[in-house]
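A short write-up of the structure that comes next.
The values are calculated or read from the model by the stated rules, or taken from the named source; none is laboratory data. Since we're looking at a predicted model, the values are computed, not measured. We place every Cβ from the backbone using ideal geometry, glycine too, and count neighbours over all the protein chains shown. Just the protein is used for accessible areas: all its heavy atoms, side chains included, with ligands, DNA and RNA removed. Shrake-Rupley method; radii C 1.70, N 1.55, O 1.52, S 1.80 Å.
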Amino acid sequence: YKLVNNLRNIFNQTKNKGIAFTKLAHWYKEVEESGFKSFKTVANSIYINYHSILNYFTNRSTNASAESFNAKIKAFRAQ
């Protein structure tokens, strides 16, 4: 529960890319120390995609709108 809330707080409360980098590194360390295999999978995904994830903190935007548009196109094609 604590690991989930800590990760959520990083994304909700941090506005600076450098601070986010540091907080994510600390979170990653906590995950490694916890021993939870499921969290290690998430932590490894974050570790592998650090640069892309940290771009969120630059202007606090995601590619969700593009993904939604792609899903609509796929649904249209399927019909």
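Roughly speaking, to the nearest percent, how much of the chain's 1.4 Å accessible area is carbon and sulfur?
Values: 3460 of 6150 Å².
Ligands and nucleic acids excluded, carbon and sulfur give 56 percent.
Report the FRET efficiency, 1/(1 + (r/R0)^6), for Glu33 and Arg77, where r is their Cβ-Cβ distance and R0 is 30 Å, rounded to 0.05. List each step's numbers first, then the result.
On the way: r = 46 Å, r/R0 = 1.55.
According to the calculation, E is roughly 0.05.
Among all helices in the chain defined by DSSP H, which have a length of 15 Å or more along the axis from Cα atoms plus a Kyte-Doolittle mean of at least -0.5? Walk me through the intermediate numbers first.
Numbers: long enough: 2-13 (16 Å, -0.57); 17-34 (25 Å, -0.59); 37-48 (16 Å, 0.24); 64-78 (21 Å, -0.12).
Those that pass (Cα extent of 15 Å or more, hydropathy at least -0.5) are 37-48, 64-78.
Take each of the peptides 55-62, 16-23, 71-78, average the number of other beta-carbon atoms within 10 Å over its residues, and list them starting from the highest.
Numbers: 55-62: 11.9, 16-23: 14.1, 71-78: 8.6.
Descending mean neighbour count gives 16-23, 55-62, 71-78.
Compute the signed sum of charges (Lys and Arg +1, Asp and Glu -1) over the other residues within less than 10 Å, Cβ to Cβ, of Phe11. The partial results should precede the final answer.
Details: positive: Arg8, Lys23, Arg60; negative: none.
Around Phe11, the surrounding residues sum to +3.
What nm value, rounded to one decimal, do you get for the distance between Ser45 and Phe21 when each label is placed 7 Å out toward the C-beta?
My value for the distance between the label points is 2.3 nm.
Given a cut-off of 14 Å, what percent of all Cα-Cα pairs of the range 23-79 lie beyond it?
On the way: 1061 of 1596 pairs.
Pairs farther apart than 14 Å: 66 percent.
With a point put 7 Å past each Cα toward its Cβ, work out how far Ala66 is from Asn12 in nm, to one decimal.
2.7
Find the accessible area per residue for the chain; the probe is 1.4 Å, ligands and nucleic acids are left out, and the unit is Å².
Working: 6150 Å² over 79 residues.
It amounts to 78 Å² per residue over the chain.
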